[in-house]
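Notes for the one structure printed next.
We did not get these values from a lab; they are worked out from the coordinates using the rules stated. None of the values given here were measured: they were computed from a predicted structure. Positions of Cβ are backbone-derived with ideal geometry, glycine not excepted, and every protein chain shown enters the neighbour counts.
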Amino acid sequence: MQLRIDQLPAWIINLNRSQDRWSRCYRSLSGVFRKDHLHRVTAVDGLDFLEVGPDSIKVWKTEILQGLQKEGLLLKDQVLDPVRVALCLSHQRALHAFLESGESWGIIFEDDACVGESMAMVMQQGGVIEPPDDAEVLFLHDRVKSRKLDPLMEGSVNARKGLKWREVRGGIGLEAYAVSRVGARKMLASWKPVALECDLQLMTFVAGYVETKQSARLRGILGKESLSGNAIIKAYCPNRPLFQADPQVMSVKMETIHRAALAVGNSGVRPDGAMASSGGEQAIKWEAFGYPLKKRLEARGSMSVAASAPTSKRRWKDAPVIGEAVGGPKPKFSFCVTCMGRLDHLMETLPVNLEVIRRFGDSEIVLLDYHSPDGLGDYVLDHFKSAMQSGLLRLAATEMPDKFRMAHAKNVCHKQGRGEFLINLDADHFLNEGYMRELSKATEVGKADVCTFVYDKQVYGGGFGRVVIRRELFYRLGGYDEDHHGYGHEDIDLVERAKRVGGRLVKLASHTAEFIQHGDERRGLTEKDRGTEAAKWESFFKAKWERGEWVANQDRPWGVVDDLGVRPGNGQLTVVLTNYRRTANMGKILDSIPEDAEVVVLDNAPPGFELPVELVRRTSWYLKSDGNDLVLRWMLAARSKTEFFCVQDDDLLIKNWEPYLDQAAEVDTLVGPFGVDLNLREPGRCYSGGSHSIQSRECDVIKGRAVFGRVKELRRVLSLTQIGQVGMNNDDVFISSLFKAKHHVVEVEDNIVELADNDAISKRRRHLDSRDVSAMKFFLERDAQSQYENWGEDASIGTRGVVLCASPQYAEMASRAMESLKRSNPLMPIYCHPAEEGFASRVAKLSMDLWSPFQDTLFIDCDTLVCEDLEPVFKLLESAPLYMAKETPKYTTLGSVANAGWIEREAGSGYAQLLRKLPGQTPIWNSGVILFRKGEGVHRFFAAWRRRWELRGSATLDQLPLAELVIENGPPAELPPYWHCQVSSQNPKSEIPRAAVYHFMGGDKGQSYRRWEMARVRMLAMMGRLNGKH
């Protein structure tokens, strides 16, 4: 059998929360496979299967567990943990996608797979492999046990050239495997039900598997003691793995298990991730594990596996409030910001603080508009909608207070925080990386319950109020004391009471405090008044401490306002409202939706019919879509944060929502005002005209005009389903069928108001069809264009300036470079572009022509210093649009790099061999300082450089692909050494001349800097300019 491996379609399994892994894997594999052959499969997230049980122990969600058992995917009495089950379901999802494609062979990858060294040999042979003719599965990764075949069974072509095929005898991991259609069906059968980790369970069905006792034991548990030949999988692997697990990527399975912190009763998690069994039951002693389901249910209370109906009537208003995404963890830190009349400060601090917590993660900002008179709410909704949609920012608002009461405002805001730690953050405070590191270290398990700054000059004037307190302790103390109604000392009181009840206090370094300095007039005080106020409240609180009053606000409600609204909200209902073209109806519909509901509007209207701004501001979430709206609205409902959802069209209005929500609380299926049965005799007509029983009020399909249900049930059925092939027609039939049960019609007289249909069905259909054609055209052509070339026209803010590109790792170095630039060129504009760590930082650097705000740009690396006037360098651009300097230290030519001992380790043997075939005297151009003027030719140069570098792989130095382009297209203009002086630790005795820009290179940048410093001192002394500053 002969296969062309680089022509096979491939499916990559990847979690939605691991986009960086997808990018890394995609880049590695796109060097072998055509980009249109690489397909992403959304992995099932095991965290979505967990809920918090007694004693804060995370356990299986009962509804999901029962659903999987009903489908035969899990055993009744022996259950694997959710994370490993989810991994197996993800592979099943990928195999189904392969089978639906109609291809005869395909390859499945996990997102930590990367190309192995042996793939270069295969590609040199045209990508052809010749496995045995009876092969059904080919394990292409490492960590596979095998034994030699009879020479007659080995593929002749590959055997001659070094690649030999062996029979699989065992192994671990499923990073990369090729599979036939027969093999895919056998793999799916081997995983039904799932009792072990998917790789180990699969191996027990492989023909050459050597652990016969373990295989027999598993088959006994599965009820498959005797297997026919049709169930045995014929699997082979090459003697040299073609793919391997990326050593720089952590196992997402183990990471997820760690995050889930799984435990049951008295059982624990072993270091290898397996769970010990509890009680007197015997544990499975293989590398995978199971545990008795009965024990887990007893630990949670009187719950039965077979119980499908609720034991007591539940009303939707009695349902628990879900404050975070279903299955998602709460943030560790909630930064609570109160604001009344401080919009000018917030405009400076909020963008910075959101960026800091976005990079740091595990945090949110809760902003309280405390009846601010300066348009605070509109400003936030206009500028930070994406931050609200991503969960970084939540906006609470009240119009009741007529003056600022600090303790009350802080309590209202803190009670909206969901984090483990609540942190007061004044509107004039900045967060920074240093503070976040200090905070993270101080709040490690068992260290601190309360954190404040060391009180010194650094925090004087406003820094002490940033009090960090554990959530449980805050509520135990009754929050800030609302007897306080002036200025100052309420924060000291809270910290003192926390200490008196045993709270552990940690003081944070004051140098990380950063805030806007301002006078007391912004506090409504004079300096004298401020001292008087502080003294008054100090005496007030000390009296309370002496009386032992450690709990504030006893016997009264605190942190409460009657009109508080929160976006995104904390209610029990999310309404997903789709606007097709009936925009005139949307205002009436929004008026009819319960006030505490989250409102998500999916705007699919054509240009000219979009939702107006005043209605957008009334929504919690707003998305403008040109895609498949009928599928997307269900996905939005499944991702909501509430207990119940409603998916609603734009042509009806619901008067009373409670009957539908009450029914949704009683059942695990769908509910709505319109239901029909399927027309099984005439499939082309789909519906049978609504012949469902009025008495039973059961039906096959809830019509999509208004559908109610429970979010976790919708999420469960969608997580087990491939939805990529769902069309525009009859999405309600598709969604209803996923539940595999009858749904419920609720008929309430005169409860539905039919609104004007200003969009004829034929017109709507033509619009959607044309829109789908254009969308498909875009997706088919998107890989033909560089993603960076679609960023729009240049939006220059000036004619010339200096730019840097810094990831957090190089922030300190970049700061030093900018300080030197400001000293030597005080009037020169500077822009530092933020970048993520790793691959993304190099992509950002090679995209400097797109993000630079200047027409004429001088780019300098973070490890540079500027010492002279830069204005003259821009005159060079009158002669050429692009300047770079040649490499001057050790590796100056392509030949010296290609033959270096480290090149194969850094760039891979395949690329090293390619470099050795190129002209060895080609100079290496250094990318540490680049001068360019924007224009079509420069944009083409950077686009080609980016594409070539991405093709060569993330470990490759960017200078090497540049050298290839120089050979093909010619060099840039050479930048004189005065404008780019390279100081390297590799040439420790070379002279350091006077220059405008110094670039410190080599492994020991400190040594390079010290050499430069001494040379600079001598140089300034000779020039008669030595004054102690250089």
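A few notes on this one:
- Mean Cβ count within 10 Å, highest first, over the residues of peptides 546-554, 732-740, 410-418: 410-418, 732-740, 546-554
- Compared with the direct C-alpha span, the chain from K740 to D958 gains 73.1 nm at full extension, assuming 0.36 nm per residue.
- By other beta-carbon atoms within 10 Å, ranking W621, W60, W545 with the fewest at the front produces W545, W621, W60.
- A Förster distance of 35 Å, applied to the separation of the beta-carbon atoms of D134 and K76, puts the FRET efficiency at 0.45.
- Pairwise label distance in nanometres, E868 with H96, each label 7 Å out on the Cα-Cβ vector: 6.8
- Contour excess over end-to-end distance, with Cα ends at T42 and E1013 and 0.36 nm allotted per residue: 344.2 nm
- For A176, the amide hydrogen comes within under 5 Å of the amide hydrogens of E110, L140, H141, counting only partners 5 or more places away or on other chains and with H modelled in the peptide plane.
- Theoretical FRET efficiency, 1/(1+(r/R0)^6), r = Cβ-Cβ of E538 and E433, R0 30 Å, to 0.05: 0.30
- Point-to-point label distance, K875-K624, nm (Cα→Cβ direction, 7 Å offset): 4.7
- Per-pair calculated FRET efficiency, R0 = 41 Å: R823 and S440 via Cβ, rounded to 0.05: 0.75
- Count Lys and Arg as plus one, Asp and Glu as minus one, and take only other residues whose Cβ is under 11 Å from that of S737; the net charge is then -2.
- One decimal place: the segment E749-R994 gains 79.3 nm when fully extended, by the rule 0.36 nm per residue minus the C-alpha distance.
- Each part reduced to its alpha carbon centroid, the range 883-946 and the range 333-405 end up 47 Å apart.
- When S620, S896 are arranged by Cβ crowding within 10 Å, least crowded first, meaning fewest neighbours, the order is S896, S620.
- Remark: for residue pairs K385/K415; K58/K447; K35/K61; K58/K192; K192/K624, the C-alpha separation exceeds 31 Å in K35/K61; K192/K624.
- Fewest-first sequence of T583, T857, T799 by Cβ atoms within 10 Å of each Cβ: T799, T583, T857
- Label-point separation in nm, L188 to S909, each point 7 Å along Cα→Cβ: 3.9
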